[in-house]
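Report on one structure; see the data block that follows.
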Amino acid sequence: MESTAPEIFSAIPLTHYILLSAALFVVGLIGVMTRKSIIIVFMCIEIMLNAANLMLTSTSAYYGNPGGQIMVFFTMAVAAAEVAVGLAIIVMVYKNLKSTNIDVFNKLKG
Amino acid sequence: MSWIILKIIFISVIFGLSLFIAMYSTYAERKIAAFLQDRLGPNRAGPFGLLQPLADGVKLFFKEEFIPMKADRWLFLMGPGFFMITALMTSAVIPFGPDIIVDGKPFSLQATDINVGLLYIFGVVSLGVYGILIGGWASNNKFSLLGAIRAASQNISYELAMGLSIIALVMMSSSLSLKDIVDQQAGWHWNVFYQPLGFLIFLVCAFAETNRAPFDLPECETELVGGYHTEFSSMKLGFYLFAEYINMFISSAVLATLFFGGYHFPGISSMEPGILKTALSVGVMFGKIFFFIFFFMWVRWTLPRFRYDQLMNLGWRILIPLAVINILITGAVILYKMGL
Amino acid sequence: MIDKIFYALSIATILCACMVVISKHPIRSILFLVATFFLISAHYVLLNAQFLALVNIVVYAGAIMVLFLFVVMFLNLNKEVEPYKGFLPWLAALVGGGSFFLIVISALQKSNLLQNENANHSIGLVENLGNVLYKEYLLPMEISSVLFLIAMAGVVLLSRKEKIVNE
C-alpha cells in the first residue's frame, strides 16, 4: 500500500469528495427524519457521522494537514462511547415501554 | 512472467494450501486424539486412513440440505460464507518465506506487505464474530441464538486481551508490518524470549478466538445441542467446521510469525539468498505452524472445558490486567535502555 | 483508471446507505451498514489514510455494529410492523434533504478551493499520524481515556437492576 504520491490527488478534485460526503449525509438525514424504529434512527445517525469523517479525512489528505485525521480519530472514539450509552438507554426504555416505535416515547410530554 | 501473474499464482497456492492443511488437520486431529487416548484412529479409508478427509467431504456433500421453515433464507445461506471469508482473509499478510529472485527482481513470499499488517489481522479477527452471530440468528432457534451469543461474547472479550498483548510487541519492534517484525527476529532474537508474558496471553486468546478447547463452550454437544451450527446441514455445516480448522491454521501461522521468528532459523538465515535458502525457510515456517497445530490439538484432549463465568472471569479480570502490566514493564525497560 | 474506481466505490456507498434507510428487516439494515463502512474504508485507502481505514473497520464494523446486532437480537426485532403512513413523510424528508444538498452544491460553486502543490501525502501512515497524535494532541488523548471510563461506568449503572426497597 505504500506509494510516493497517490494518483487520486491529481485524478479526482476535492469537490467530488465533498459532494460524496454531502450525499451520504443527506441519506442519513432522510433516514433520521422518516424511520420510526429507534434502532434504525440510531444507525442513520452513524451514517451522518461517517459522512463527516469522510469529509474531514479527504480534506486532510488533499492538503497534507494531519489535524483532520486526528479529529476523525477522536470522533470515532466519541461515537463508540455514545453508541454504548445510547444502546443501554434503548434497552432500558424497551424494558419499560415494550416497544421500539419512537411515537410511543412521549412520556415527557406535558 | 509479469509480476501480477506471479502474485495470482502465489495467492492461489496459499489458498489451496490453507484448504489442504485444514482438510488434513481433521485427519490429524482424529489420529492425535486416538494416540492420546490409547486407541487407533481412522485406518480404513485408504492406507493408514489417509483418505478419511475425502470420505468426510463426500459424505457432507451428499447429505440433505434443508433450510428451517421460518428462517431468513439469505442470512442462513450467507452465515457460513462470512465465517469462511474472514478465516481465509488473514492469510494475505503472513510472510511465508524470504524473497526469491525471479528475473532479477526479488519476489516476496507474502501476498501483500502493508504497513499496518498487524492491525489488519486484528481487524479481520474482529469481523469473525459476524459469521457466528448471523448463523445463530438466521436459524430461528433458541438454542442456536444462545450458542451464538455466547460465542460472540467470548470472541469479543478475548479480542481485547489479544490486542493489548500485541501492543508491547509493537513497542519493541517499532513497526506494525509483519515483514519487519519477522526480519527483526533473525538469529536467536525470537520474540518469545523477550515477551514471554505477551506470548502466553496471546496463546490463551488464540485458543479462545478459534473456539478450541478448553474454550469450546459455544459448540460442545453436551451443553447446547450443537450451539450455533445446530440447524446447519451438509456443506454449510462443512463450511463452519472447515473454517474453524482454517482459523486454527492461521492462528498458528500468526503465532509463529509474531513470537517464534517466522521463517528464520539460526543457521539458515545467514545463507545467501537462493532457492535452497527459500525452500529451507519455508520448510522451517511450516514446521513451526505444524507444531502449533499439534499443540492446539494436544491441549484439546488434555484440559477440561471452562464454564461460561470462569471464561469471562479469565478474559476480563485476569488477562486484561496482565496485558496492561506487560505493557508497563515493556515500556519501563525500553525507557531504561534508552538511557532515561 | 483510478477515477473509475472512485466512481464505482461512491455509487456503491450511496446505494448501500440507501438500502440501510429503505430496508424493512433490522438485521439487513445492520448488514448494509457494515457494507457501507467497508466501502468508506476503501475510500480511506484510496486517500492513503491507511491507519484510519483499518481503525474504521476495527471500531465501527467490528465493535459498534456487533453491539447493534446484540441489541437487535436481544430485543427480538423481526420484520418491521410499523404501519405505512403514506408517502407524505418521505416527500417531506426528500425535499428537506434535497434542499440541504442543493445548498452544499451552490456553496461549492461559489467557493474557490485552494491548491496545495507540495502537500505531504504520507501523513496518513501510522508513524506520522502517531507522531502528531502523541506530540501535539496528547491532552485530548488522555482525556478521551477518561471519557471511556465515564461511558463504561454509565452503561453499567444504567443496566443495573433496581434494588427492591422494603417499605
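Nothing in this text is a laboratory measurement; each read-out follows from the coordinates by a stated rule. Keep in mind it's a predicted model, so treat the numbers as computed, not measured. Backbone-built Cβ (ideal geometry, glycine too); neighbour counts: all protein chains shown.
Points to keep in mind about this one:
- Part-to-part distance (alpha-carbon centres) for region B:267-340 and region B:7-49, which is given in Å: 23
- The value of relative contact order for chain C, using C-alpha pairs under 8 Å at least six residues apart, is 20 percent.
- Equivalent ellipsoid dimensions for the protein assembly as shown as semi-axes, Å, which come from the Cα gyration tensor, largest first: 40, 33, 25
- For chain B, the Cβ-based charge dipole about the Cα centre amounts to some 320 debye (Lys, Arg positive; Asp, Glu negative; other atoms uncharged).
- Taking every C-alpha pair closer than 8 Å and separated by at least 6 residues, the mean separation divided by the residue count of region C:1-81 gives a relative contact order of 32 percent.
- Förster radius 35 Å - calculated FRET efficiency between B:Asp99 and C:Asn128 (Cβ-Cβ, nearest 0.05): 0.85
- Computed from label points 7 Å out along Cα-Cβ, the spacing between C:Ala153 and C:Leu139 is 2.2 nm.
- Top positive-direction residue, dipole computed over the protein assembly as shown with Cβ charges, set C:Asn118, A:Gly110, A:Gly86: A:Gly110
- If you plug the beta carbon distance of C:Lys161 and A:Val93 into 1/(1 + (r/R0)^6) with R0 = 22 Å, you get a FRET efficiency near 0.90.
- In this structure, the residue pairs whose Cα-Cα separation is over 28 Å, taken from A:Lys107/C:Lys161; B:Lys179/B:Lys277; B:Lys236/B:Lys288, are B:Lys236/B:Lys288.
- Normalised contact order of chain B, rounded percent, pairs of Cα under 8 Å and 6 or more residues apart: 23
- Among C:Ala153, C:Ala119, C:Ala63: highest mean-square fluctuation, GNM of chain C, C-alpha pairs under 10 Å: C:Ala153
- In chain C, taking the dipole from charged Cβ atoms about the Cα centre, the farthest positive-side position among C:Ile30, C:Thr13, C:Val104 is held by C:Ile30.
- Counting only alpha carbon atoms, the long axis of helix B:275-300 and the longest principal axis of chain B meet at about 40°.
- Across A:Lys95/C:Lys85; C:Lys24/C:Lys85; A:Lys109/C:Lys79; A:Lys36/A:Lys109; B:Lys7/B:Lys105, pairs whose alpha-carbon gap is larger than 21 Å: A:Lys95/C:Lys85; A:Lys109/C:Lys79
- Given charges at Cβ of Lys, Arg, Asp, Glu: the protein assembly as shown dipole, positive-most of B:Ser177, A:Ser58, C:Trp90: C:Trp90
- Here the protein assembly as shown is treated with +1 on each Lys and Arg Cβ and -1 on each Asp and Glu Cβ, and its dipole about the Cα centre works out to around 1380 debye.
- Local electrostatic count at B:Ala138 - Lys and Arg +1, Asp and Glu -1, tallied over other residues with Cβ under 15 Å: +3
- The angle separating the long axis of helix B:234-259 from the principal Cα axis of greatest extent in chain B is about 20 degrees.
- Think of each Lys and Arg Cβ as +1 and each Asp and Glu Cβ as -1; about the Cα centre, that makes the dipole of region B:1-120 roughly 340 debye.
- Tilt relative to chain B, helix B:117-138 - C-alpha long axis, 0 to 90 degrees, to 10: 0
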